[in-house]
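A.B. asks: Starting off with a structure, shown below.
The values are calculated or read from the model by the stated rules, or taken from the named source; none is laboratory data. None of the values given here were measured: they were computed from a predicted structure. Here Cβ is always computed from backbone atoms with ideal geometry, including for glycine, and neighbour counts include all displayed protein chains. Each accessible area value is taken on the protein alone, full model and side chains, heavy atoms only, with ligands, DNA and RNA left out. Shrake-Rupley method; radii C 1.70, N 1.55, O 1.52, S 1.80 Å.
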Amino acid sequence: MDAYDLITRNAAEVVTEDEVRSLAEDPDGKRAYVGYEPSGVLHIGHMLTANKLIELQEAGFEIVVLLADVHAYLNGKGTFEEIRETADRMREQFVAYGLEESDTEFVLGSEFQLDEEYTLDLHALELETNLSRAERAMAEIQSGDTATVAQAVYPLMQALDIVYLDVDLAIGGMEQRKVHMLARDTLPSIGADAPTCLHTPLIADLSTGVGKMSSSAGVSISMEDSEEELREKVNKAYCPPSRDPEPDGDGNDRDNPVLQIFEYHVFPRFGEVVVERPEQYGGDLEYGDYESLAADLDSGELHPADAKGALAEYLNELVAPGREKIRQQRS
Ligand code: NAL
């Protein structure tokens, strides 16, 4: 796979393609960053962007992970002390998940976001941004129903962090795209470059295939799930025996979360998949890529129950090191 294909593999969107192509010409030493509000335990959304970071490390990028303690505070996620404490645990869980520690710089937001120069730059961005734009940028990030002033400041700090961390490529889930577009539009007003962005897809709600999977509503996969819990969650997941013939945008907005997890988690990390079946049902099935597995589900060669059984096992392998780390953190 060439560098551009590896960088953009499984991306829902890159802004812009030309900018990413120019990064791909010489990725060595380029910096990609992602930010996370510290929370107690990683969930499948964190793991999805982490998969992309691991691929970018393979492509030669240096990775910066911002543990966004001040952002979590502004978003109403707890007292500052509580949030600071979870940031350390989250860093250890990312390393257990497979982020190469020697190639990853973990930064706490509060290390630089309270400096005088940063604060003045932030106020400059506040002057350039109207409230409704800031609110719209937060629609899919904000906790609570009514936006606070703190939540209007939040996306401007996120924009400014891209400058202060000196990154070449900003990574985030699709829910971050409006913050990144705001950053592209407003950063030039303080003399900074518009950031190049890559957005990972959202996985559909596990039980319905409608909307996005979320740890705050519905069923989500978490790094602390036991093998048994994973099996139960996956067994109950929405997995029609064929793909939606007309993907999103056509009024039939159901996606297949089981296939999505194979595509965005299992194949990127394992490269191939073996679905174990007793001889009497045709024996094991082996897949070297996502498309061939999806095609077999479509044709009926692969039964949803067998696909789910395999998925639960691979997910278990993915979360096991982090689950062990969480157990240690609590003892
Ligand atoms: C991501 C978040 C917070 C601050 C950031 C700063 C720079 C780059 C990425 C950042 C967290 C993210 C979330 N908004 O919703 O988890």
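A.B. asks: What size of dipole, in debye to the nearest 20, comes out for segment 23-111 about its Cα centre when the only charges are +1 on Lys and Arg C-beta atoms and -1 on Asp and Glu C-beta atoms?
C.D. replies: Approximately 360 debye in magnitude.
A.B. asks: While we're here: Going through the cross-link list Lys212/Lys236; Lys52/Lys236; Lys233/Lys308; Lys30/Lys52, which pairs have a Cα-Cα distance over 21 Å in this structure?
C.D. replies: As for pairs spanning more than 21 Å Cα to Cα, those are Lys52/Lys236.
A.B. asks: Helix 80-97 versus the longest principal axis of the chain: what is the Cα-based angle in degrees, 0 to 90, to the nearest 10?
C.D. replies: Tilt of helix 80-97: around 40 degrees.
A.B. asks: Answer with one residue from Gly300, Leu125, Val274: the one whose Cα lies farthest towards the positive end of the charge dipole of the chain, charges on Cβ with Lys, Arg +1 and Asp, Glu -1.
C.D. replies: Leu125
A.B. asks: For segment 71-124, what is one quarter of the convex hull surface built on the Cα atoms, given in nm²?
C.D. replies: If you wrap the Cα atoms of segment 71-124 in a convex hull and average its projections, you get 4.9 nm².
A.B. asks: Where does helix 44-59 land angle-wise versus the long Cα axis of the chain, in degrees 0 to 90, nearest 10?
C.D. replies: Computed tilt is about 80 degrees.
A.B. asks: May I ask for the distance between the Cα centers of segment 91-118 and segment 1-55, given as a whole number of Å?
C.D. replies: 16 Å
A.B. asks: Please give the helix 177-186 orientation as an angle from the longest Cα principal axis of the chain, in degrees from 0 to 90, rounded to the nearest 10.
C.D. replies: 30 degrees
A.B. asks: Among DSSP beta bridges whose residues both lie in the chain, state the antiparallel percentage, nearest 5. Let's see the in-between values first.
C.D. replies: On the way: 8 of 26 bridges.
For the chain, the DSSP antiparallel bridge percentage is about 30.
A.B. asks: Continuing with the same structure: Roughly how many debye, to the nearest 20, is the charge dipole of segment 258-331 about its Cα centre, given +1 on each Lys and Arg Cβ, -1 on each Asp and Glu Cβ, and no other charges?
C.D. replies: Working: 7 positive and 15 negative charges, 164 e Å.
Rounded to the nearest 20 debye, it is 780 debye.
A.B. asks: From zero outward in steps of 10 Å, how is the percent of C-alpha pairs of segment 92-239 spread across the bins?
C.D. replies: The distribution over segment 92-239 is 10, 30, 33, 21, 6, 0, given as percents.
A.B. asks: Under a point-charge model restricted to the Cβ atoms of Lys and Arg (+1) and Asp and Glu (-1), what is the dipole moment magnitude of the chain relative to its Cα centre, in debye to the nearest 20?
C.D. replies: Taking the Cα centre of the chain as origin, the dipole is about 980 debye.
A.B. asks: Moving to a separate point now. Taking +1 at the Cβ of each Lys and Arg and -1 at the Cβ of each Asp and Glu, which of Val319, Gly288, Pro195 sits farthest along the dipole of the chain towards its positive end, judged by Cα position relative to the Cα centre?
C.D. replies: Val319
A.B. asks: Averaging over all projection directions, find the projected area of the Cα convex hull of the chain and quote it in nm² with one decimal place.
C.D. replies: 17.7 nm²
A.B. asks: Specify, per residue and in Å³, the volume enclosed by the convex hull of the alpha carbon atoms belonging to segment 1-134.
C.D. replies: Details: hull volume 19.8 nm³, N = 134.
Dividing the Cα hull volume of segment 1-134 by its residues yields 148 Å³.
A.B. asks: Using a 10 angstrom cutoff on alpha carbons, build the Gaussian network for the chain and name the most mobile of Gly45, Gly98, Gly211.
C.D. replies: Greatest mean-square fluctuation among the candidates belongs to Gly211.
A.B. asks: Keeping all protein chains in position, work out how much accessible area Met181 exposes to a 1.4 Å probe, and write it in Å² to the nearest 10.
C.D. replies: 40 Å²
A.B. asks: Shifting gears a bit: When the solvent-accessible surface of protein heavy atoms is calculated with a 1.4 angstrom probe, in what order do Lys325, Lys52 fall, highest first? Don't jump to the answer; show the numbers that get you there.
C.D. replies: Working: Lys325 55, Lys52 5 Å².
Heavy-atom accessible area, descending, gives Lys325, Lys52.
A.B. asks: Tell me what the chain gives for mean residue ellipticity at 222 nm when only DSSP H runs of n ≥ 4 count, each as -39,500 (n - 2.57), the sum divided by the residue total, rounded to 500 deg cm²/dmol.
C.D. replies: That calculation yields -14000 deg cm²/dmol at 222 nm.
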